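Have a look at the structure below, then the notes.
The values are calculated or read from the model by the stated rules, or taken from the named source; none is laboratory data. Only a predicted model underlies this, so the values are computations on that prediction, with no experimental measurement involved. Here the Cβ is made from the backbone with ideal geometry for all residues, glycine too, and neighbour counts use every protein chain on show.
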């Protein structure tokens, strides 16, 4: 019978980070169960790779500050590229919201985040229509990373520390005795363990339900259109986000080389590939990851008003994709234990799993080994906040 002290269910970037940080603390008997034949086929592989500290809530800002600093200084190259994030407003209320956020971000130590006017936004993003923009915020240390590289770095570090990973094993439930986890049931048999950590993203609720736990995580498809512009993009083009509609765009990047196919390619002065999308309010709850061609017209309708270089771009259909967001009611993660001793969750990131993976892995390792996270108080992200009516609030949900 397979045995491990700690079983991590899900080998994406979050599960890999938890394993890495546990082995950093000296835990050797860690087993990662990955249901696919290789890592990166879930939300990690579909992620666009943005990182930002421009959030509304203290906990998200603090998790971002820790994670960005980690990724920036990590010995493993995750291709951190601080091109920045611009959030722009088209109403006075939206602009006041951004001003409040910037004040809080500065108070919490976010560097180089500023309020910018429409003219400055137009300078940073040449060719963008700024006629209806009242202002925005620009975080210079926000930017882009390679999600697969981060996952690979955490995995390699965990394996060096003694962890194991097994592929093609799907967890189907738990063995619970006396209110405590004693094993994980899989398609390949039972894995006896003392501790289990659920890092299965948008479908984490399915495993939670096998123990009678109602985990408020719902899956939702999020689609990305990959296009090619007629002229080269500016070399320093940031992520650009409409705070009112969630419509956003950023330069596109291929991430396949992160899995061992060679060094990062140099910047291409003729780069013309761009990603753009928006959170479709008509998208139902589902686990579908198929790309819907009708989404292209919806996105281009929003692009038409914002920039000719977007509207005039050509869709690269074979690169358009869809992934799953793992949404919670308040769009914040669920980190920590539950009513079953030895069972922990790291899920519900609502689109922020990659960027917050360093902080998440450390938090879970400390909660499991010490009973609480001491480097950062993440108690506000516990599962019981929903029962207590202590939900958080984040308006800029993309």
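Which condition from (1) part of a helix (DSSP H, G or I); (2) free of Cβ contacts under 8 Å to residues at least 60 places away in the same chain is the one that residue 17 breaks?
The one condition residue 17 does not meet is (2).
Regarding segment 46-53, can at least one residue be identified that is farther than 22 Å from residue 344 by Cβ, under 16 Å from the mean Cα position of the chain (by Cα), modelled with pLDDT under 95 and in a helix (DSSP H, G or I)?
yes
Would you point out which residue out of 30, 13, 7 is at pLDDT 95 or above and under 15 Å from the mean Cα position of the chain (by Cα)?
13
Determine which member of the set 198, 203, 145, 240 is touching a residue at least 12 places away in the same chain (Cβ under 8 Å) and surrounded by fewer than 22 Cβ atoms within 10 Å (Cβ to Cβ). Walk me through it before giving the result.
On the way: 198 fails: surrounded by fewer than 22 Cβ atoms within 10 Å (Cβ to Cβ); 145 fails: surrounded by fewer than 22 Cβ atoms within 10 Å (Cβ to Cβ); 240 fails: surrounded by fewer than 22 Cβ atoms within 10 Å (Cβ to Cβ).
Within the list 198, 203, 145, 240, the selection yields 203.
Give 160, 250, 230 a once-over and let me know the one that is assigned by TED's automatic domain parsing to the domain that holds residue 115, farther than 30 Å from residue 96 by Cβ and touching a residue at least 60 places away in the same chain (Cβ under 8 Å).
That would be 230, the only listed residue that is assigned by TED's automatic domain parsing to the domain that holds residue 115, farther than 30 Å from residue 96 by Cβ and touching a residue at least 60 places away in the same chain (Cβ under 8 Å).
With the structure loaded, tell me whether residue 374 is without any contact (Cβ under 8 Å) to a residue 12 or more places away in the chain and surrounded by fewer than 24 Cβ atoms within 10 Å (Cβ to Cβ) or whether it fails that test.
Against the criterion (without any contact (Cβ under 8 Å) to a residue 12 or more places away in the chain and surrounded by fewer than 24 Cβ atoms within 10 Å (Cβ to Cβ)), residue 374 qualifies.
Scan 303, 258 and give me the residue that is touching a helix residue (DSSP H, G or I) at 6+ places or on another chain (Cβ under 7 Å), outside any loop (DSSP other than H, G, I, E, B) and modelled with pLDDT under 95.
None of the others qualify; the one that does is 258.
Within the group 292, 282, which residue is modelled with pLDDT under 95 and either in a loop (DSSP other than H, G, I, E, B) or more than 22 Å from the chain's Cα centre (by Cα) (or both)?
282
Kindly indicate whether residue 135 is more than 23 Å from the chain's Cα centre (by Cα) and either within 30 Å of residue 106 (Cα to Cα) or assigned by TED's automatic domain parsing to the domain that holds residue 238 (or both).
Values: more than 23 Å from the chain's Cα centre (by Cα): yes; either within 30 Å of residue 106 (Cα to Cα) or assigned by TED's automatic domain parsing to the domain that holds residue 238 (or both): yes.
The answer is yes for residue 135.
Here's the yes/no breakdown for (1) without any contact (Cβ under 8 Å) to a residue 24 or more places away in the chain; (2) not assigned by TED's automatic domain parsing to the domain that holds residue 245:
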residue	(1), (2)
71	no, yes
76	no, yes
88	no, no
93	yes, no
98	no, no
101	no, no
107	yes, no
112	no, no
119	yes, no
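When residues of segment 273-290 are filtered for being touching a strand residue (DSSP E or B) at 6+ places or on another chain (Cβ under 6 Å) and surrounded by 18 or more Cβ atoms within 10 Å (Cβ to Cβ), how many remain?
Counting residues in segment 273-290 that are touching a strand residue (DSSP E or B) at 6+ places or on another chain (Cβ under 6 Å) and surrounded by 18 or more Cβ atoms within 10 Å (Cβ to Cβ) gives 5.
Going by the structure shown, is residue 135 touching a strand residue (DSSP E or B) at 6+ places or on another chain (Cβ under 9 Å) and without any contact (Cβ under 8 Å) to a residue 40 or more places away in the chain? Talk me through it step by step, then tell me what you get.
On the way: touching a strand residue (DSSP E or B) at 6+ places or on another chain (Cβ under 9 Å): yes; without any contact (Cβ under 8 Å) to a residue 40 or more places away in the chain: no.
The answer is no for residue 135.
If residue 237 satisfies every condition in (1) in a loop (DSSP other than H, G, I, E, B); (2) more than 24 Å from the chain's Cα centre (by Cα) but one, which is the exception?
Every listed condition holds for residue 237 apart from (2).
State all residues of segment 329-349 that are part of a loop (DSSP other than H, G, I, E, B), in contact with a strand residue (DSSP E or B) (Cβ under 8 Å, 6 or more places away or on another chain) and surrounded by 23 or more Cβ atoms within 10 Å (Cβ to Cβ); if no residue qualifies, say none. Walk me through how you get there before you give the answer.
First, pick out the residues of segment 329-349 that are part of a loop (DSSP other than H, G, I, E, B): 329-333, 338-340, 342, 348-349.
Those still in the list that are in contact with a strand residue (DSSP E or B) (Cβ under 8 Å, 6 or more places away or on another chain) too: 333, 338, 340, 342, 348-349.
333, 348, 349 - these are the residues of segment 329-349 that are part of a loop (DSSP other than H, G, I, E, B), in contact with a strand residue (DSSP E or B) (Cβ under 8 Å, 6 or more places away or on another chain) and surrounded by 23 or more Cβ atoms within 10 Å (Cβ to Cβ).
Determine if segment 192-201 includes at least one residue that is out of contact with any helix residue (DSSP H, G or I) (no Cβ under 8 Å at 6 or more places or on another chain), over 24 Å from residue 335 (Cβ atoms) and at pLDDT 95 or above. Spell out the reasoning first.
Step one: list which residues in segment 192-201 are out of contact with any helix residue (DSSP H, G or I) (no Cβ under 8 Å at 6 or more places or on another chain), which gives 192-194, 196.
Filter once more, keeping what is over 24 Å from residue 335 (Cβ atoms): 192.
Within this subset, residues satisfying the condition of being at pLDDT 95 or above are 192.
Among the residues of segment 192-201, at least one is out of contact with any helix residue (DSSP H, G or I) (no Cβ under 8 Å at 6 or more places or on another chain), over 24 Å from residue 335 (Cβ atoms) and at pLDDT 95 or above, which makes the answer yes.
Within segment 22-34, identify whether any single residue is outside the structural domain of residue 185 (by TED's automatic domain parsing) and farther than 24 Å from residue 105 by Cβ, and answer yes or no.
So in segment 22-34, the residues outside the structural domain of residue 185 (by TED's automatic domain parsing) come out as none.
No, segment 22-34 has no match at all.
Can you work out which of the residues in segment 350-371 that are within 24 Å of residue 212 (Cα to Cα) and in a loop (DSSP other than H, G, I, E, B) is modelled with the lowest pLDDT?
So, considering only residues that are within 24 Å of residue 212 (Cα to Cα) and in a loop (DSSP other than H, G, I, E, B), the one modelled with the lowest pLDDT is 350.
Which of the residues belonging to segment 92-131 are surrounded by 13 or more Cβ atoms within 10 Å (Cβ to Cβ) and out of contact with any strand residue (DSSP E or B) (no Cβ under 9 Å at 6 or more places or on another chain)?
Answer for segment 92-131, where residues must be surrounded by 13 or more Cβ atoms within 10 Å (Cβ to Cβ) and out of contact with any strand residue (DSSP E or B) (no Cβ under 9 Å at 6 or more places or on another chain): 104, 108.
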